[in-house]
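I have placed the structure first, in the form of structure tokens, so that the comments after it can refer back to it.
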Amino acid sequence: MKITKDTVAAIHYRLTDAQGEFLEETDEPIEYLHGGYGGIFSRIEEALEGQEPGYKTTLYLEPVDAFGEYDADQVRVEPRAKFPEPLEVGMRFEGIPEDESEDSEILTVTDLTQDTVVLDSNHPLAGIALHFAVEVVSVRAATDEEIEHEHVHGEDGHHHDHDDGDEDEEDDEGDAGHTRH
């Protein structure tokens, strides 16, 4: 079966930066719903269109095609007293965005002083050009439910809630195979 709209593709990927430094890779294949649903970077989806299991390629992605440009406006300083101890650089918190119409954001502690905490809501790979090596492991037809919900449910069924009133639902997408952070 070929990857086309409304198929579920399982892929392995390996990510390196523009200098070839290893960033991450899959241990197990990840699945995404193909066809413009936002489950994977659009440049990767375009490259996989029409491909079959066994296909391999490596693409170079500029930041705009991956996790976006680094935005200095997404860095803020907060009083340290607002945070639990112990507090360390690299810790991540879920925060409420300043604009309440947006989804919650993940904030990473990037610096600490005795009185302040520097928080950054940019994706850790924002501003970084990437080499994305991908291999197609399998392809299957998506279920009607997956197409309706616009994401993969997997072999063990549907285990998350949908906000019935939210037509613009977006999955919280974790890493390189996922476009929204």
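The values are calculated or read from the model by the stated rules, or taken from the named source; none is laboratory data. As the structure is a prediction and not an experimental result, all values here were calculated from the model. Every residue, glycine as well, gets a Cβ built from its backbone with ideal geometry; the counts of neighbours run over all protein chains shown.
Checking each residue in the range 29-42 for being closer than 13 Å to Val134 by Cβ and part of a loop (DSSP other than H, G, I, E, B) picks out Pro29, His34, Ile40, Phe41.
The set of residues from the range 5-27 being closer than 21 Å to Glu146 by Cβ and outside any strand (DSSP E or B) comprises Lys5, Asp6, Thr26.
A quick yes/no check of all residues on (1) of a type in the set (A, V, I, L, M, F, W, C); (2) touching a residue at least 40 places away in the same chain (Cβ under 8 Å):
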site: Gln51; (1), (2): no, yes
site: Val64; (1), (2): yes, no
site: Ile106; (1), (2): yes, yes
site: Val117; (1), (2): yes, yes
site: Asp120; (1), (2): no, yes
site: Ala126; (1), (2): yes, yes
site: Ala133; (1), (2): yes, yes
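Restricting Asp115, Asp73, Asp120 to residues that are exposed (fewer than 11 other Cβ atoms within 10 Å of the Cβ), touching a helix residue (DSSP H, G or I) at 6+ places or on another chain (Cβ under 8 Å) and on the phi < 0 side of the Ramachandran plot narrows the list to Asp115. Scanning the range 109-142 for residues that are of a type outside the set (Val, Ile, Thr), part of a strand (DSSP E or B) and either over 30 Å from Asp6 (Cα atoms) or more than 15 Å from the chain's Cα centre (by Cα) (or both) yields Asp111, Leu112, Leu119, Asp120, His131, Ala133, Glu135, Ser138, Arg140, Ala141. Pairs linking a residue in the range 11-22 that is surrounded by fewer than 17 Cβ atoms within 10 Å (Cβ to Cβ) to a residue that is in a loop (DSSP other than H, G, I, E, B), with Cβ atoms under 8 Å and 6 or more positions apart or on different chains, are Arg14/Thr26; Asp17/Ile128; Asp17/Ala129; Ala18/Ile128; Ala18/Ala129.
For Gly154, state whether it is part of a loop (DSSP other than H, G, I, E, B) and at pLDDT below 95. Criteria met by Gly154.
A quick yes/no check of all residues on (1) at positive phi; (2) among the basic types (Lys, Arg); (3) at pLDDT below 95; (4) part of a strand (DSSP E or B):
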{"position": "Ile44", "(1), (2), (3), (4)": "no, no, no, no"}
{"position": "Val64", "(1), (2), (3), (4)": "no, no, no, no"}
{"position": "Ala81", "(1), (2), (3), (4)": "no, no, yes, no"}
{"position": "Asp99", "(1), (2), (3), (4)": "no, no, yes, no"}
{"position": "Leu107", "(1), (2), (3), (4)": "no, no, yes, yes"}
